[in-house]
1. When the chain is treated as a GNM, springs tying every alpha-carbon pair under 10 Å, which of Glu87, Glu259, Glu101 comes out with the largest mean-square fluctuation?
2. My understanding is that a pair violates if its Cα-Cα distance is over 21 Å; which of Lys39/Lys197; Lys54/Lys258; Lys234/Lys265; Lys44/Lys197 do that in this structure?
3. Once whole DSSP H runs in the chain are found, which of them have Cα atoms spread over 27 Å or more along the helix axis and a mean Kyte-Doolittle score of at least 0.0?
4. Please compute the volume of the convex hull spanned by the alpha-carbon atoms of the chain and report it per residue in Å³.
5. Which net charge results for the neighbourhood of Arg140, defined as the other residues with beta-carbon distances under 13 angstrom from its beta-carbon, given Lys and Arg at +1 and Asp and Glu at -1?
6. Name the lysines eligible as straight-distance cross-link partners of Lys102: C-alpha to C-alpha under 20 Å, and not fewer than 8 places from it in the same chain.
7. Using a 7 Å offset from the Cα along the Cα-to-Cβ direction at both Ala262 and Glu101, what is the distance between the two label points in nm, to one decimal?
8. Can you give the local net charge around Met251? Use residues other than it whose beta-carbon is closer than 10 angstrom to its beta-carbon, Lys and Arg +1, Asp and Glu -1.
Amino acid sequence: MADATLIAEAEPVGLRRVDLEQLEPVGQDAAIVAMAMQKGGVGKTETTKGAGDKLSRIIKRNGKKVRVLYVDFDPNATLSDGVGVDEDLTATGLASVVLGEKDCTPIQDLVYAVTDDLHIIPARLDMFELKSKLVATRGREFRLWQALQPLLPYYDVILIDCEPDLGPGTDNAIYAAAKRQRGGVLIVVQLDGPSMKCFETLLDQIESLETALGVQVPLIGWFANQASNTNIAKEFRQRFEALPLPKLGEMPVRTKIKEAWAADKLLTDYASPSFDANFIYAELAKKVWARIS
(Lines give C-alpha, C1' and ligand atoms only; values in the text may rest on other atoms or scores of the structure.)
Protein backbone atom coordinates (compact mmCIF):
# COMPACT_ATOMS: atom_id res chain seq x y z
CA MET A 1 0.00 0.00 0.00
CA ALA A 2 1.43 3.38 -1.03
CA ASP A 3 2.13 5.95 1.67
CA ALA A 4 -0.80 8.37 1.83
CA THR A 5 1.58 11.29 2.38
CA LEU A 6 2.99 10.80 -1.09
CA ILE A 7 -0.23 10.63 -3.06
CA ALA A 8 -3.13 12.91 -3.73
CA GLU A 9 -6.84 12.22 -3.81
CA ALA A 10 -7.93 11.31 -7.32
CA GLU A 11 -10.63 9.57 -9.28
CA PRO A 12 -10.62 5.79 -8.66
CA VAL A 13 -8.37 4.03 -11.18
CA GLY A 14 -7.24 1.07 -9.12
CA LEU A 15 -4.14 2.94 -7.94
CA ARG A 16 -3.72 6.34 -6.33
CA ARG A 17 -2.27 9.32 -8.13
CA VAL A 18 1.19 10.49 -7.03
CA ASP A 19 1.58 14.11 -5.94
CA LEU A 20 5.06 14.91 -7.23
CA GLU A 21 5.17 18.07 -5.14
CA GLN A 22 5.32 15.82 -2.09
CA LEU A 23 8.25 13.79 -3.46
CA GLU A 24 11.84 14.65 -2.65
CA PRO A 25 14.07 14.74 -5.77
CA VAL A 26 16.47 11.80 -5.85
CA GLY A 27 19.59 13.90 -6.41
CA GLN A 28 20.34 13.19 -10.06
CA ASP A 29 18.19 12.87 -13.13
CA ALA A 30 16.80 9.44 -13.89
CA ALA A 31 18.45 6.78 -15.99
CA ILE A 32 16.10 5.73 -18.79
CA VAL A 33 15.91 2.10 -19.90
CA ALA A 34 13.93 1.13 -23.02
CA MET A 35 12.65 -2.44 -22.72
CA ALA A 36 12.51 -3.46 -26.35
CA MET A 37 11.72 -6.30 -28.73
CA GLN A 38 9.41 -5.92 -31.68
CA LYS A 39 8.34 -9.57 -31.58
CA GLY A 40 5.23 -10.03 -29.49
CA GLY A 41 4.88 -12.85 -27.00
CA VAL A 42 8.48 -12.97 -25.76
CA GLY A 43 7.58 -11.73 -22.29
CA LYS A 44 8.97 -8.21 -22.61
CA THR A 45 6.27 -6.72 -20.41
CA GLU A 46 6.60 -9.52 -17.83
CA THR A 47 10.31 -8.76 -17.67
CA THR A 48 9.67 -5.02 -17.35
CA LYS A 49 7.32 -5.64 -14.45
CA GLY A 50 9.74 -8.03 -12.73
CA ALA A 51 12.79 -5.81 -13.23
CA GLY A 52 11.00 -2.71 -11.95
CA ASP A 53 9.70 -4.56 -8.91
CA LYS A 54 13.21 -5.69 -7.91
CA LEU A 55 14.94 -2.42 -8.83
CA SER A 56 12.62 -0.62 -6.41
CA ARG A 57 13.83 -2.92 -3.58
CA ILE A 58 17.52 -2.02 -4.02
CA ILE A 59 18.96 0.15 -1.26
CA LYS A 60 21.20 2.98 -2.46
CA ARG A 61 24.32 4.16 -0.68
CA ASN A 62 22.33 6.91 1.01
CA GLY A 63 20.09 4.30 2.62
CA LYS A 64 17.08 5.07 0.43
CA LYS A 65 15.45 2.70 -2.00
CA VAL A 66 15.78 3.11 -5.74
CA ARG A 67 12.69 4.99 -6.98
CA VAL A 68 11.37 3.54 -10.24
CA LEU A 69 8.84 4.78 -12.79
CA TYR A 70 7.20 2.46 -15.28
CA VAL A 71 6.15 4.14 -18.53
CA ASP A 72 3.62 1.98 -20.35
CA PHE A 73 4.25 3.00 -23.95
CA ASP A 74 2.36 0.07 -25.48
CA PRO A 75 -1.19 0.71 -26.74
CA ASN A 76 -2.22 -2.70 -25.41
CA ALA A 77 -1.69 -1.37 -21.85
CA THR A 78 -0.60 -4.81 -20.67
CA LEU A 79 1.81 -3.46 -18.06
CA SER A 80 -0.85 -1.12 -16.70
CA ASP A 81 -3.25 -4.03 -16.35
CA GLY A 82 -0.56 -6.16 -14.71
CA VAL A 83 -0.07 -3.74 -11.81
CA GLY A 84 -3.74 -3.04 -11.18
CA VAL A 85 -4.55 0.08 -13.20
CA ASP A 86 -8.25 0.03 -14.00
CA GLU A 87 -9.30 0.78 -17.55
CA ASP A 88 -10.63 4.32 -17.95
CA LEU A 89 -12.27 4.77 -21.34
CA THR A 90 -12.61 8.53 -20.84
CA ALA A 91 -9.02 9.32 -19.82
CA THR A 92 -6.36 10.76 -22.06
CA GLY A 93 -2.77 10.08 -21.14
CA LEU A 94 0.85 10.16 -22.15
CA ALA A 95 0.21 10.03 -25.89
CA SER A 96 -1.62 13.38 -25.75
CA VAL A 97 1.34 14.89 -23.89
CA VAL A 98 3.83 13.47 -26.39
CA LEU A 99 1.81 14.93 -29.25
CA GLY A 100 1.55 18.30 -27.52
CA GLU A 101 -2.22 18.37 -27.81
CA LYS A 102 -4.02 21.41 -26.52
CA ASP A 103 -5.42 21.14 -23.00
CA CYS A 104 -3.79 17.74 -22.39
CA THR A 105 -3.31 16.64 -18.80
CA PRO A 106 0.21 17.60 -17.57
CA ILE A 107 2.51 14.61 -17.38
CA GLN A 108 3.00 15.26 -13.64
CA ASP A 109 -0.67 14.37 -13.15
CA LEU A 110 -0.46 11.04 -14.98
CA VAL A 111 1.67 9.21 -12.40
CA TYR A 112 0.17 6.55 -10.11
CA ALA A 113 1.68 4.65 -7.18
CA VAL A 114 2.12 0.88 -7.35
CA THR A 115 4.17 1.04 -4.12
CA ASP A 116 5.95 3.85 -2.31
CA ASP A 117 9.00 3.47 -4.56
CA LEU A 118 7.43 2.09 -7.75
CA HIS A 119 5.15 4.28 -9.85
CA ILE A 120 3.57 4.06 -13.30
CA ILE A 121 2.31 6.24 -16.12
CA PRO A 122 -0.39 3.96 -17.55
CA ALA A 123 -1.30 3.63 -21.20
CA ARG A 124 -4.68 5.04 -22.17
CA LEU A 125 -6.82 4.81 -25.29
CA ASP A 126 -5.11 7.80 -26.89
CA MET A 127 -2.01 5.59 -27.27
CA PHE A 128 -3.69 3.79 -30.17
CA GLU A 129 -3.58 7.01 -32.21
CA LEU A 130 0.02 7.85 -31.37
CA LYS A 131 1.74 5.99 -34.18
CA SER A 132 -0.33 7.46 -37.00
CA LYS A 133 -0.14 10.99 -35.57
CA LEU A 134 3.61 10.86 -34.90
CA VAL A 135 4.35 10.07 -38.53
CA ALA A 136 3.26 13.58 -39.51
CA THR A 137 4.81 15.31 -36.48
CA ARG A 138 8.00 17.37 -36.75
CA GLY A 139 10.82 16.03 -34.58
CA ARG A 140 8.75 12.93 -33.89
CA GLU A 141 11.62 10.88 -32.41
CA PHE A 142 12.26 13.50 -29.70
CA ARG A 143 8.74 13.86 -28.32
CA LEU A 144 8.83 11.31 -25.49
CA TRP A 145 12.21 12.58 -24.31
CA GLN A 146 10.84 16.12 -24.17
CA ALA A 147 7.67 14.99 -22.39
CA LEU A 148 9.61 13.18 -19.65
CA GLN A 149 11.69 16.20 -18.63
CA PRO A 150 9.59 17.28 -15.62
CA LEU A 151 9.83 13.76 -14.12
CA LEU A 152 13.58 13.16 -14.39
CA PRO A 153 14.56 14.69 -11.02
CA TYR A 154 12.15 12.46 -9.09
CA TYR A 155 13.25 8.99 -10.24
CA ASP A 156 16.40 6.92 -10.21
CA VAL A 157 15.22 4.74 -13.10
CA ILE A 158 12.52 5.11 -15.74
CA LEU A 159 11.59 1.83 -17.45
CA ILE A 160 9.80 2.28 -20.77
CA ASP A 161 7.79 -0.74 -21.88
CA CYS A 162 7.92 -0.38 -25.66
CA GLU A 163 5.26 -1.59 -28.04
CA PRO A 164 6.08 -4.82 -29.94
CA ASP A 165 6.82 -2.85 -33.08
CA LEU A 166 9.67 -0.90 -34.69
CA GLY A 167 7.55 2.17 -35.26
CA PRO A 168 7.94 5.76 -34.07
CA GLY A 169 6.92 4.84 -30.52
CA THR A 170 9.87 2.50 -30.10
CA ASP A 171 12.13 5.04 -31.80
CA ASN A 172 11.02 7.58 -29.18
CA ALA A 173 11.84 5.22 -26.32
CA ILE A 174 15.26 4.35 -27.73
CA TYR A 175 16.10 8.01 -28.30
CA ALA A 176 15.06 8.89 -24.74
CA ALA A 177 17.29 6.11 -23.39
CA ALA A 178 20.19 7.35 -25.52
CA LYS A 179 19.88 10.89 -24.18
CA ARG A 180 20.67 9.77 -20.64
CA GLN A 181 24.30 8.86 -20.10
CA ARG A 182 23.19 6.24 -17.58
CA GLY A 183 20.47 4.76 -19.75
CA GLY A 184 20.23 2.23 -22.53
CA VAL A 185 18.24 -0.52 -24.21
CA LEU A 186 17.46 -3.89 -22.64
CA ILE A 187 16.39 -6.49 -25.19
CA VAL A 188 14.10 -9.36 -24.20
CA VAL A 189 14.27 -12.51 -26.31
CA GLN A 190 13.24 -16.12 -26.50
CA LEU A 191 15.81 -18.75 -27.41
CA ASP A 192 14.54 -19.45 -30.92
CA GLY A 193 14.99 -18.47 -34.54
CA PRO A 194 12.25 -15.80 -34.79
CA SER A 195 13.69 -13.97 -31.77
CA MET A 196 17.18 -14.10 -33.24
CA LYS A 197 15.93 -12.62 -36.52
CA CYS A 198 13.98 -9.88 -34.72
CA PHE A 199 16.96 -9.21 -32.47
CA GLU A 200 19.17 -8.59 -35.50
CA THR A 201 16.52 -6.35 -37.06
CA LEU A 202 16.28 -4.33 -33.84
CA LEU A 203 20.05 -3.85 -33.78
CA ASP A 204 19.89 -2.61 -37.39
CA GLN A 205 17.15 -0.17 -36.39
CA ILE A 206 19.21 1.11 -33.47
CA GLU A 207 22.21 1.61 -35.75
CA SER A 208 20.04 3.56 -38.20
CA LEU A 209 18.74 5.77 -35.40
CA GLU A 210 22.27 6.47 -34.20
CA THR A 211 23.25 7.61 -37.68
CA ALA A 212 20.12 9.62 -38.38
CA LEU A 213 19.82 11.33 -34.99
CA GLY A 214 23.48 11.67 -34.03
CA VAL A 215 23.23 9.73 -30.77
CA GLN A 216 24.90 6.69 -29.27
CA VAL A 217 22.51 4.07 -27.93
CA PRO A 218 24.00 2.01 -25.07
CA LEU A 219 22.93 -1.64 -25.11
CA ILE A 220 22.55 -2.84 -21.54
CA GLY A 221 22.22 -6.47 -22.58
CA TRP A 222 19.75 -9.23 -23.37
CA PHE A 223 17.50 -11.32 -21.17
CA ALA A 224 15.94 -14.63 -22.24
CA ASN A 225 12.35 -15.25 -21.17
CA GLN A 226 10.49 -18.57 -21.18
CA ALA A 227 13.85 -20.31 -21.50
CA SER A 228 14.09 -24.09 -21.79
CA ASN A 229 16.67 -26.76 -22.53
CA THR A 230 15.27 -28.10 -25.78
CA ASN A 231 17.73 -28.68 -28.60
CA ILE A 232 16.52 -25.53 -30.34
CA ALA A 233 16.90 -23.49 -27.16
CA LYS A 234 20.41 -24.85 -26.61
CA GLU A 235 21.38 -23.93 -30.18
CA PHE A 236 20.11 -20.37 -29.94
CA ARG A 237 21.43 -19.91 -26.42
CA GLN A 238 24.90 -20.50 -27.85
CA ARG A 239 24.24 -18.11 -30.71
CA PHE A 240 23.01 -15.33 -28.41
CA GLU A 241 25.86 -15.90 -25.97
CA ALA A 242 28.36 -15.58 -28.83
CA LEU A 243 27.21 -12.01 -29.48
CA PRO A 244 29.29 -9.12 -28.06
CA LEU A 245 26.45 -8.11 -25.76
CA PRO A 246 26.04 -8.91 -22.04
CA LYS A 247 23.69 -11.70 -21.08
CA LEU A 248 21.56 -10.57 -18.14
CA GLY A 249 19.88 -13.87 -17.30
CA GLU A 250 17.22 -16.40 -18.22
CA MET A 251 13.71 -16.90 -16.88
CA PRO A 252 12.22 -20.38 -17.27
CA VAL A 253 8.47 -20.80 -17.73
CA ARG A 254 6.92 -20.14 -14.32
CA THR A 255 3.15 -20.24 -13.83
CA LYS A 256 3.33 -18.14 -10.64
CA ILE A 257 4.40 -15.16 -12.74
CA LYS A 258 1.08 -15.44 -14.62
CA GLU A 259 -0.78 -15.98 -11.36
CA ALA A 260 0.73 -12.82 -9.87
CA TRP A 261 -0.24 -10.97 -13.04
CA ALA A 262 -3.85 -12.14 -12.79
CA ALA A 263 -3.90 -11.05 -9.14
CA ASP A 264 -2.55 -7.56 -10.02
CA LYS A 265 0.38 -8.18 -7.69
CA LEU A 266 4.13 -7.84 -7.91
CA LEU A 267 5.91 -11.17 -7.78
CA THR A 268 7.73 -10.11 -4.60
CA ASP A 269 4.38 -9.72 -2.86
CA TYR A 270 2.81 -12.83 -4.38
CA ALA A 271 5.43 -15.58 -4.18
CA SER A 272 7.83 -16.79 -1.50
CA PRO A 273 11.21 -15.04 -1.36
CA SER A 274 12.76 -18.45 -2.04
CA PHE A 275 10.87 -18.82 -5.32
CA ASP A 276 13.50 -19.00 -8.07
CA ALA A 277 11.83 -16.39 -10.29
CA ASN A 278 12.14 -13.84 -7.49
CA PHE A 279 15.86 -14.55 -7.36
CA ILE A 280 16.25 -14.34 -11.16
CA TYR A 281 14.49 -10.98 -11.37
CA ALA A 282 16.52 -9.70 -8.41
CA GLU A 283 19.75 -10.67 -10.17
CA LEU A 284 18.54 -8.97 -13.36
CA ALA A 285 17.82 -5.80 -11.40
CA LYS A 286 21.24 -5.86 -9.77
CA LYS A 287 22.95 -6.18 -13.16
CA VAL A 288 20.89 -3.37 -14.66
CA TRP A 289 21.54 -1.12 -11.66
CA ALA A 290 25.27 -1.83 -11.84
CA ARG A 291 25.29 -0.65 -15.47
CA ILE A 292 23.26 2.52 -14.98
CA SER A 293 24.01 3.73 -11.43
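The values are calculated or read from the model by the stated rules, or taken from the named source; none is laboratory data. It should be emphasised that the depicted structure is a prediction, and the values quoted were computed from it without experimental measurement. Reconstructed Cβ throughout: ideal geometry from the backbone, glycine too, with neighbour counts over all protein chains shown. These accessible areas exclude ligands, DNA and RNA; they are computed on the full protein's heavy atoms, side chains included. Shrake-Rupley method; radii C 1.70, N 1.55, O 1.52, S 1.80 Å.
1. Taking springs between Cα atoms under 10 Å, the residue moving most is Glu101.
2. With Cα atoms farther than 21 Å apart: Lys234/Lys265.
3. Going by DSSP H runs, the hits are 193-213.
4. 124
5. Every neighbour counted, the sum reads +2.
6. Lys131, Lys133
7. 3.5
8. Charge balance near Met251 sits at -2.
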